[in-house]
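These notes are about the structure you will find just below.
Computed from the coordinates by the stated procedures, all read-outs in this text should not be read as laboratory data. Source: prediction; values computed, not measured. Cβ sites come from the backbone with ideal geometry, for glycine too, and all protein chains shown count toward neighbours.
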Amino acid sequence: MTSLPPPPPATSTHPAPQRGEWAVPDFRFHTGEVLPSLKLAYTTVGDPGGEPVLVLHGTNGSAESLLGPGFAGQLFGPGQPLDARRYFIVLPDAIGTGRSSKPSDGLRTAFPAYGYGDMVAAQHRLLTEHLGLAHLRAVIGYSMGGMHTWLWARGHPGFMDVAVPLAALPTPMAGRNWMLRRLVTDSIRNDPDWQRGHYTQQPRSLQFASVFYGIATNGGHLGLHQLAPTRAAADALLEQRLKAAFAGDANDHLYQWEASRDYDPTADLERITARVLAINSADDERNPPELQLLEAALARIPHAQALLIPTAADTTGHATALQARFYRDRLADLLATAPRL
């Protein structure tokens, strides 16, 4: 493991996170493009001798986005479902995010056009070739990480005992979810400040489009109404978000959103052997349960169950699944009873 500056302090009583990096030589993407050295950054929590668990973050996030009190603080501490005294928790920074290789490192739009399959392939190599892990107790992922979890379960059957996709469906990228992603990427590409990716300062459209997408697909109906019950409050909240410090990079965001373009795990769902617990929320704007897409998919998987978190005053739409208090008991039961494959 590479010696690096420490990440933020633990927000629970779990052991302090440790950072590492691995350079993958000549990584080949699904397009045939090859990156001579692909840096994969990762964070671990717990003893490397413990049962390994892979935890995957969402779009434009990183391992650090899962180390807060709502997620790690509810799961990684003593007596909690992923007690780090028992489990070795690996949280990679996906290709294109965090400390892993990404367009903003210098290649800009010459960076290979990666997809979710490439991201999962890189995670698999990190675990097997670098960390020497041949089997996982569980794969757990949120949003983009949830979609990666579906690809892991289908593409590597038998590699994990348990798969827990959060805020994600095993269905093609489509509908409002994809159309709004297109609005983000098209807003950036059509901005003269983008300069075909060779800008010297961030295009003005980046933050505006990101705030637009966030309000349109996150927060929950009740949650947003409580924050903005009047027009004046709504205007104030919008201005606050539009003027807040924003550290994103336009090319990185373009690549992240467009990486989902060919996501479609529907083929061979019957191959999944892991015990699946698909967790979604009733107010998830990106994956509305009214579409009834999950039920049809789960019927094809031998050992699968679903948990739908009801809409409430303290749910926040797509982000609800980041609050592990809503499902930690179900996760604990599954980990306690799922057979080891």
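For the pair Ala336 and Ala110, what calculated FRET efficiency results from E = 1/(1 + (r/R0)^6), where r is the Cβ-Cβ distance and R0 = 56 Å, to the nearest 0.05? Intermediate results must be reported in sequence, preceding the final value.
Values: r = 48 Å, r/R0 = 0.87.
For Ala110 and Ala336, the calculated efficiency is 0.70.
Grab the Cα-Cα distance for Gln226 and Leu298, subtract it from 0.36 nm times how many residues apart they are, and report the gain in nm with one decimal. Before the final figure, lay out the partial values.
Details: separation 72, 0.36 × 72 = 25.92 nm, distance 3.41 nm.
Net length gain for the segment: 22.5 nm.
If you average the alpha carbon positions of region 15-43 and of region 70-86, how far apart do those two centres end up, in angstrom?
Region 15-43 and region 70-86 have Cα centres spaced 27 Å from each other.
Counting only residues 5 or more places away or on other chains, whose amide H sits under 5 Å from the amide H of Phe88 once H atoms are built in the peptide plane?
Amide H neighbours of Phe88: Gly50, Glu51, Val53.
Would you mind working out the magnitude of the charge dipole of region 119-264 relative to its Cα centre, with +1 at each Lys and Arg C-beta and -1 at each Asp and Glu C-beta, to the nearest 20 Debye? Display every interim value, and only then the final one.
Working: 13 positive and 12 negative charges, 39 e Å.
About 180 debye.
State the Kirkwood hydrodynamic radius of the chain in Å, one decimal place, computed from all pairs of distinct Cα atoms. Intermediate results must be reported in sequence, preceding the final value.
Working: mean 1/r = 0.0487 Å⁻¹.
In the chain this quantity evaluates to 20.5 Å.
Take the alpha-carbon centre of region 221-299, take the same for region 116-137, and report the distance between them in whole Å.
25 Å
Pull up the DSSP beta bridges for region 17-155 and report the antiparallel fraction as a percent, rounded to 5.
In region 17-155, DSSP labels about 65 percent of beta bridges as antiparallel.
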